[in-house]
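The values are calculated or read from the model by the stated rules, or taken from the named source; none is laboratory data. Predicted, not measured: the structure shown is a model, and the values here were computed from it. All Cβ positions, even for glycine, are placed from backbone atoms using ideal geometry, and neighbour counts span all protein chains on display. Just the protein is used for accessible areas: all its heavy atoms, side chains included, with ligands, DNA and RNA removed. Shrake-Rupley method; radii C 1.70, N 1.55, O 1.52, S 1.80 Å.
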Amino acid sequence: MRKSLDRPKAARYEDEDGIATEESKTAYSYRLQRVLVVLLSLSGLGSLDSLALAVIANQSNLAIEQWLHFIAWLFLILQAGTLFVEPDYLSRFRQSAFGATSSFLFFTALFADRLIFWPHGTPLTLSYIPPILNAVQLVVALGITITYCSIPRRPDVYRDGKIVDQQYTTSILGRLGFSWSGPVIRFVAAKNGLEVEDLPEIHYQIRSRTLRERFDQVSKNRLWKSLLWSHNSAFVSQLIFVTITSFATFLPQIALYFILQALETRDGGDRNSTFWLWIWVSILGLSIVISSWLEAWLFFVSYSRLGQPIFQQLTAVIFGKAMRRKDVKGVAKSTLKAVDADKGILVDEELGTKGEDSIKVTESEDHEEKTRQSTTNLIGVDSYRVSSFVTFIHMFPGGVVKLVLAFVFLIKLIGWIPLLAGLAVPAIMVPVNGFLSKHYAKAQEELMKFRDKRMAVVTEALQGIRQIKFSALEDSWQCKILDVRRKELKTQRRVFKYDNILVAIWLLGPVMLSAIALGTYAIIHGSLSPSTAFTTISVFEVLDMTLVVIPELISQYLDAKVSIERVEKYLNAAEKKAYIKAGSTISFHNADIAWPAEHEQDQNRFFLRRLNIDFPSNELSIISGKTGSGKSLLLASILGEADLKNGAIQVPRAPRADERFDDHANASNWYLEGSLAFVAQIPWIENTTIKNNILFGLPFDSVRYKKTLAACALQKDLEMLPDGEMTEVGANGINLSGGQKWRVSFARALYSRASILILDDIFSAVDVNVGRQLFEEALIGDLGQGRTRVLVSHHVALCISKTKYLVLLDNGSALYTGTVDELRENGGLKSILAQDGEEQQKQREETQTRIASKIDDSEVVPSLPLNQSRRESNITKQKYARPQTAKAPKNFVQKETREKGAIKYRIYAEYIRASGGFLHWILILTIFTLSLIVTLGRSWWISVWTRSYHTTTASILNSLYYQAHPQRLGELKMVQIDNNLWFYLSIYLAWSVASTIGASRYFLIFLGSIRASNDLFQQLTYRVLRAPLHWLDTVPLGRILNRFTADFNMVDSRISIDLAFMLHSIIQLMSVIIAGMFVSPWMIIFIFLLLPVCMHYAIRYLKGARDMKRIESNCKSPIFESFDAALMGIGTIRAFDKTEIYVRDIYRKIDTYAQAYWHLWLFNRWIGFRLNLIGAVFVMITAAFIVTIRHIDAAVAGFALSFALEYTVVFIWALRRYASVELNMNAVERIVEYSNISIEDQNGGEPAPAAWPTEGNLEVINLVTSYAPDLPPVLNKLSFSIKPNHRVGVVGRTGAGKSSLTLALLRILEAREGVILIDGLDISKLRLQDVRSRLGIVPQDPVLFSGTVRSNLDAFNQHTEEELRDALKRVHLIPDTIGDNYASSANPRETIHPSPTYHSPKIYLHLDSPISESGLNLSQGQRQLLCLARAIIQRPKILILDEATSAVDIETDALIQRSIREDFQDSTLIVVAHRLSTIADFDRILVLSDGRKVEWGEPAELMERRSEDTFRRDGEGEEEERGLFRRMVEESGEREMLEGMIRREGHEN
């Protein structure tokens, strides 16, 4: 119940929906209604007094009924007076409801009284006063009812400044007629457009938070029970409405029967039937209004109180579960045991979740449930299926009621023998229908599986689009996608085949049912009257619709059952357990931890065992170890994101979310003891501005914020970005580099209120100098001091001077733990430093050689680069300054466009072209025309048949007698069957069989649909895979996926059906109009008079519904995008204790979607109710013509009325189907939009020579390139030359242009000026695919696809197994030989001694070991190594490594670099590196700054240049900065090692 806080008249009004403003309270008025009720009540009493006087003048005493009327009027007057004294809005509304009920009951009593006595009383004449005064009382009572019903319930209420939906604001009359949607519809008509901001807020009862709380309150052990109990009142209302509606459905048929029977008696010469004819005509119109209104409200209750709320509720509940669920990347379902045939070794793939020694093998179905996409499908597919089924569940009880009523009616009408004969048709068809439905359901199930596969492969391609473009695999992936698509469409054809047969049965069923029943009736009785024939046909149509819908409902039930079980399984999945105990420090006590699994008893996971660690408070602690040793698992256990099998873990207790009071945080109370901040190994960045990413919901503290930017070396990056800190970041930081993403993520943790910072490898993606700055100014600077910092890093030597505590992990345990001093004493420190490949004797740098002096900041000017390589773009040193005028930040992510107005003709033309062309559709229209002729001909033949009999009244009464006494049918002698009966019956059966011609039209439409789907999908796939990287980076993945999934699902199976039924409804409408003209040509005038009224409402509806559908489509994407983003960052969100914030955000987006969906169905009800009223008028006009025109007999009347009864339904469905076609063509519109995007040049240029490049010579001459024509250059006048087989290192600070150079070499960035020559050929003049396919690249962000090790190394089976294993050996993922030290160990995790120099061998020993989505069951380093192995397999002549080993430990990096030197001696290597040790011994070093070459030469030569020689001119006239490489070496922390490497290389040269 809504609680009103409104007591005094002028007091503030507030309820659950919102708060009334002063303006809305002023606008609220009921003064007119109040006065009118009193005046009408007095008028009614006055007419009663006059009536009493008239009675007294004619009779000696006052009739008792007049006294009763007198008392009733006094009661109504007293009731009207309460409106003047009641101040409360809701109490006044309840009084008006009581008043309306009282006056309506009184009106009903008066009307019944007059109806009973009028035929038997004195004939009505104007001279007789009482009947006239009684009529006055009737009108007055009705007027009082309407006036009461027009009093509004409350003033308009507002929520967050927006008006709330007026369903509970409007009057009774407005609510019954769906009139509260009028303001929105008028707004659309006036503004010719609608935005989501223009829509009212939804009311309290269907807001997501309310629905979620209601679900939690009634939560049962089964999901369906929880849904039932949380919406019990709505289900009860639905049941009541469907029962009443089922009874009301037959009212028009009953009225039709009596009208035709009265016409038959009139045709027989009875002139006294006219009165009853007019009565039944009125009842016919009224019955249509009542049944239509009841049906409208039934559907409104079903959609607004069940369908939509359940979808919202399930979405909210699933998201809430996702926030609590274990972060499982894969679940052990079975283990893979296989024998390596080559070596005879048993491989036991005990797979874990994060890849530290073992990885989980998952069965495909179970693994599917753990992917982000499959979790999102629970909302997009399963929740929708459940809500759709619940919306129409009322048809089950409704169908039962209709069947019972129809049988009773038909037994009374034609007898039980004809009925049973007719029911033989469905009896025969039901098993056939069941057989076909079973195959249809099976085909549909297979279709859903193929759709899931299609979604998976498209998602995978889009997520790995960079790797696809880098390797020129567009054609291969297109074939892979289209192969899945072909299988899907093949299954879709099967679905359409069964669907088409079912449609044929659906068309033939009612026709044959009525034909056999009527034929049997005619044979038994020897005649067929119009009243019997046309009423029977009408009832059979209602009955058949019920019989047809039930199999469809059963199919929906089966779909919903599967979906609800999937959702229930997800909701019952294991949740994150609170195993962390409160303590003063972070400590582990004999703890065994593992990556989370669905079933904790699963032992086939990677474990860290017997951990005894005590991290000191307010100090820096370092966790080190080889790649895959369990470092991230240790951090996850501190965050509560692991499974604790034994022992205990203590972490300081953080305050609850409701105790943080972040809004009131300031410098004096900033830090919260025990609160955590986390930087993940894969940084999670939100799709918002950089500033919002750093603040992360906290208040803005200018001093702290600036310190954070400076400490994280972000100030220069912000200067380079187009809008500085307000630059919008794409999904997951797509337009930021790896280093920028890490530093923004680190800045978020540093700015936070956390007293504990958990940091996973923050140095791997930044260069040496930036790394040192992060350490000195952030990690141990002002913002880091006094906080407990636990850092995973391979850069122990960099941090050792300020580190208090060290942990070294190896072989599933902590090999060394303790303070730095303790480890120094026992020799453990030396081992740790040696493992990291760094010397203990770290050199101290001079303060004057800091990084700040490296680049003159005053020369750096902001530009507008959008870095598409996920790295910093850089800018040229241009001499202009940032404009001082403020400007709105630019959106990196493109706003989703939305067409306005009707769907353009070109969209329909494109669909017609794709589906078979105009000839195909002309054939379809021809068949539809034939179908119209058959429909009219069948009913016309019935009228001819019934007119052929001249039935006497006696024969009719005789027939009715035997219908009333079926037990005496045996006494009835069989009439002589004349030849005329067989003639008419055979022709009627022929017409009936000819109705199956309609099935062929559906077949042609379905065939066209398949063609269109295939054609449009190929176009879209081709364009998207070849779209520029800039477009792919600025368009969210969810938006593209919407086209490939939801929109194509619409094109595949929905649009064709809507088109078919729209044409079917148009044909039916034409048949109604033609049938009406049989009554009288004058009917056409009334039809055309009603048509403008219909079109007035239809145009308004279409304008509103069209925009609403587009808004609904656009509002759905943010839900999926937010859901997917939250799932990706679930660890970060939970670590920062921001779960409730993200739950609130998803509530807001669900409610925004609900606004559009709610109004879309409200508009449907609005138009349906109004067109039903118009339909009732049309039927009454047709019936009035029949009654008025004396020469129209019952046969013609039955023919016309049977069609006229369908006018309302047919017109509504024609309009609705047209609206559905137009709204669903929005899917084609959206597909065509993306099918017309600009793509990279595919055909330009000459084919490259077959073996090109043969030498590997690379020359760059005056190269200028940028990310867009209107953006400043990111590489400016860059020139250098690389000799064949040389190894070149590319270095420079973040944003120098290193990754831009790699993109230019692959022509991701096209040259604006200058050329790139490879073996003397200008790559801009070669075919794009040839250039990319002949070069190799390993990017910093490793791209893996779900599948196996084999499929990731060799996606298209182009290499042998030996080649694949050899590549894994060369990157040290498996050993050169499988020694006994590993193979013979029963449980290698139990070993404590240092592991071999290879990583997680158990997964890589078997090439069919599974890789989860995005390779998330591997560590970052392992993913990089697997990508490097993939590049090695290709053996390119030129290989580009873009920080390809940044996340692996230094020892492994050294081994890999050795392998690269040995294996790529005949290849040209270009290596972008942050670790100078990676490239210190290369042939040449290229030092970049702001897109320019500042140093170029041999490492030894560059070391000769001193920093004092800052600038001089080189031979090409370029101004070069001198000594930069030398300074980088001196500041690296590896100075002596690097100088030794460079000296050795120099001597060798």
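Things worth noting here:
- Any chance Lys442 is open to solvent by 40 Å² or more (accessible area, probe 1.4 Å) and under 25 Å from the mean Cα position of the chain (by Cα): no
- Identity of the residue in region 148-194, touching a Gly at 6+ places or on another chain (Cβ under 6 Å) and among the hydrophobic types (A, V, I, L, M, F, W, C), that ends up surrounded by the most Cβ atoms within 10 Å (Cβ to Cβ): Val157
- From the list Glu264, Glu295, the lone residue that is surrounded by 19 or more Cβ atoms within 10 Å (Cβ to Cβ), under 30 Å from Arg1190 (Cβ atoms) and not hydroxyl-bearing (Ser, Thr, Tyr) is Glu264.
- Scope region 991-1016; condition small (Gly, Ala, Ser) and in a helix (DSSP H, G or I); matching residues: Ser992, Ala994, Gly998, Ala999, Ser1000, Gly1008, Ser1009, Ala1012, Ser1013
- Helices (runs of 4 or more DSSP H) lying entirely in region 192-272 (those with 3 or more residues that are polar (S, T, N, Q) and within 32 Å of the chain's Cα centre (by Cα)): 208-217, 232-249
- Strands (runs of 3 or more DSSP E) lying entirely in region 1265-1355 (those with 1 or more residues that are in contact with a helix residue (DSSP H, G or I) (Cβ under 9 Å, 6 or more places away or on another chain) and over 29 Å from Asn1243 (Cα atoms)): 1287-1291
- Checked against the criterion of being open to solvent by 30 Å² or more (accessible area, probe 1.4 Å), within 30 Å of Lys225 (Cα to Cα) and either among the hydroxyl-bearing types (Ser, Thr, Tyr) or touching a helix residue (DSSP H, G or I) at 6+ places or on another chain (Cβ under 7 Å) (or both), region 486-496 has no qualifying residue.
- So Ile762, is it assigned to a strand (DSSP E or B), surrounded by 24 or more Cβ atoms within 10 Å (Cβ to Cβ) and among the β-branched types (Val, Ile, Thr): no
- Here Ser1071 clears all of (1) open to solvent by less than 10 Å² (accessible area, probe 1.4 Å); (2) in contact with a Leu (Cβ under 7 Å, 6 or more places away or on another chain); (3) more than 30 Å from Phe1199 (Cβ to Cβ) except the condition numbered (3).
- Among (1) more than 30 Å from the chain's Cα centre (by Cα); (2) under 17 Å from Leu779 (Cα atoms), the one test that Trp742 misses: (1)
- Residue within region 1026-1038 that is basic (Lys, Arg) and over 21 Å from the mean Cα position of the chain (by Cα) present: yes
- Residues within region 718-742 that are touching a helix residue (DSSP H, G or I) at 6+ places or on another chain (Cβ under 7 Å), part of a helix (DSSP H, G or I) and at pLDDT 80 or above, tallied: 6
- Taking the criterion of being modelled with pLDDT under 80 and either part of a strand (DSSP E or B) or of a type in the set (D, E, K, R) (or both), the residues of region 1429-1454 that qualify are Arg1435, Asp1442, Glu1443, Asp1449, Glu1451, Asp1453.
- Among the candidates Ile623, Ile638, the residue that is of a type outside the set (Lys, Arg), in contact with a helix residue (DSSP H, G or I) (Cβ under 8 Å, 6 or more places away or on another chain) and under 21 Å from Lys804 (Cα atoms) is uniquely Ile623.
- Verdict on Phe700 being outside any strand (DSSP E or B), aromatic (Phe, Trp, Tyr), open to solvent by 10 Å² or more (accessible area, probe 1.4 Å) and over 28 Å from Val1291 (Cα atoms): yes
- Breaking point among (1) without any contact (Cβ under 8 Å) to a residue 60 or more places away in the chain; (2) within 23 Å of Gln1068 (Cβ to Cβ), for Ser514: (1)
- Test for Phe983: is it assigned to a helix (DSSP H, G or I), of a type in the set (A, V, I, L, M, F, W, C) and crowded, with 19+ Cβ neighbours inside 10 Å: no
- Residue that is modelled with the lowest pLDDT [pool: residues in region 1495-1509 that are charged (D, E, K, R) and open to solvent by less than 50 Å² (accessible area, probe 1.4 Å)]: Arg1505
- Among the candidates Ile1479, Ile1485, residue that is touching a helix residue (DSSP H, G or I) at 6+ places or on another chain (Cβ under 9 Å), closer than 18 Å to Arg1293 by Cα and modelled with pLDDT of 85 or more: Ile1485
- Residue match in region 818-825 (condition: more than 26 Å from Phe1136 (Cβ to Cβ), in a helix (DSSP H, G or I), at pLDDT below 90 and open to solvent by less than 30 Å² (accessible area, probe 1.4 Å)): yes
- Spans of strands (runs of 3 or more DSSP E) in region 615-696 with at least 2 residues of a type outside the set (Val, Ile, Thr) and open to solvent by 10 Å² or more (accessible area, probe 1.4 Å): 643-651, 672-679
- Yes/no for Met1077 being of a type outside the set (D, E, K, R), modelled with pLDDT under 75, within 21 Å of Phe1185 (Cβ to Cβ) and surrounded by fewer than 17 Cβ atoms within 10 Å (Cβ to Cβ): yes
- Residue match in region 932-952 (condition: under 30 Å from Tyr1101 (Cα atoms), open to solvent by less than 30 Å² (accessible area, probe 1.4 Å), modelled with pLDDT under 85 and in a helix (DSSP H, G or I)): yes
- Some residue of region 240-251 being touching a strand residue (DSSP E or B) at 6+ places or on another chain (Cβ under 6 Å) and either hydroxyl-bearing (Ser, Thr, Tyr) or open to solvent by less than 70 Å² (accessible area, probe 1.4 Å) (or both): no
- Residue selected from region 1173-1231 under the condition crowded, with 24+ Cβ neighbours inside 10 Å and of a type outside the set (A, V, I, L, M, F, W, C), by the criterion farthest from Leu294 (Cα to Cα): Arg1230
- Here is the figure for region 577-587: residues that are part of a loop (DSSP other than H, G, I, E, B) and either of a type in the set (A, V, I, L, M) or open to solvent by less than 70 Å² (accessible area, probe 1.4 Å) (or both) total 5.
- Residue within region 1239-1257 that is open to solvent by less than 10 Å² (accessible area, probe 1.4 Å), in contact (Cβ under 8 Å) with a residue 12 or more places away in the chain, not in a loop (DSSP other than H, G, I, E, B) and not basic (Lys, Arg) present: no
- Taking first residues from region 1124-1145 that are farther than 14 Å from Ser745 by Cβ and partners that are part of a helix (DSSP H, G or I) and open to solvent by 10 Å² or more (accessible area, probe 1.4 Å), the Cβ contacts under 6 Å between residues at least 6 apart in sequence or on separate chains come to Asp1124/Arg372; Asp1124/Thr376; Ala1126/Tyr1142; Leu1127/Arg372; Asp1137/Ala657; Glu1140/Ala657.
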